[in-house]
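Report on the structure given below.
The values are calculated or read from the model by the stated rules, or taken from the named source; none is laboratory data. Because the structure is predicted, anything quoted here is derived from the model rather than measured. FYI the Cβ positions are ideal-geometry reconstructions off the backbone, even for glycines, and counts take in every protein chain you see.
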Amino acid sequence: MKHEAELTVNGEAYALSVEPRKTLLAVLRDLLQLTGTKEGCSTGDCGACTVLLDGGPVTSCLVLAVEADGREITTVEGVSEGTELHPIQKAMVGLGGLQCGFCTPGIIMSGFALLNENPSSTDDEIRRALAGNLCRCTGYTKIVEAMQEAAKEMRRRSRKKTARKKVRGA
């Protein structure tokens, strides 16, 4: 028996009929064709399937789609700003924070959640936030450097927006 679920994914509303045993990961990839989220271990250990659920990172292989009913989901496809890559995506590419790329979407989502909450995160805070994301290629140093670079850009953009608001409000 299928259940009705209404999900908002990357700002777009979907009314779906899903089997109760289907994971959020399966629905994102198979029904919605959002294949940026990767299936790694299927046990919640690797972090490749990390998405944001109401702004917080979750391993989508462990969340049933029906549990996400009425909630806001952000996938790696929803991080970019139109056709422009988000500063985290740019920094990961530019600073070599990825190699094979399989873990990258999950790492981007964990970093996105952290830096949206605290764009002044320390290296230790970044490492803790990314602890659930396993990477077999990079050694993590370049990933942390990319997150710090993205954080600088996010702070710069925030200051710029604040300055524009002050000018308009003056």
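How about the range 124-155: which of its residues are assigned to a loop (DSSP other than H, G, I, E, B) and either at pLDDT below 95 or surrounded by 14 or more Cβ atoms within 10 Å (Cβ to Cβ) (or both)? Of everything in the range 124-155, those that are assigned to a loop (DSSP other than H, G, I, E, B) and either at pLDDT below 95 or surrounded by 14 or more Cβ atoms within 10 Å (Cβ to Cβ) (or both) turn out to be 130, 132, 133, 134, 135, 136, 137, 138, 139, 140. Pairs under 9 Å by beta carbon, first residue without any contact (Cβ under 8 Å) to a residue 24 or more places away in the chain in the range 78-99, partner surrounded by fewer than 20 Cβ atoms within 10 Å (Cβ to Cβ) and in a helix (DSSP H, G or I), six or more apart or different chains? Partner pairs satisfying both residue conditions: 84/90; 85/93. Taking the stated definitions as given, is residue 158 hydroxyl-bearing (Ser, Thr, Tyr) and not in a loop (DSSP other than H, G, I, E, B)? So residue 158 fits the description; yes. Whether any residue in the range 116-123 is farther than 20 Å from residue 38 by Cα, in contact (Cβ under 8 Å) with a residue 12 or more places away in the chain and surrounded by 17 or more Cβ atoms within 10 Å (Cβ to Cβ) is what I want to check. Yes, because at least one residue in the range 116-123 is farther than 20 Å from residue 38 by Cα, in contact (Cβ under 8 Å) with a residue 12 or more places away in the chain and surrounded by 17 or more Cβ atoms within 10 Å (Cβ to Cβ).
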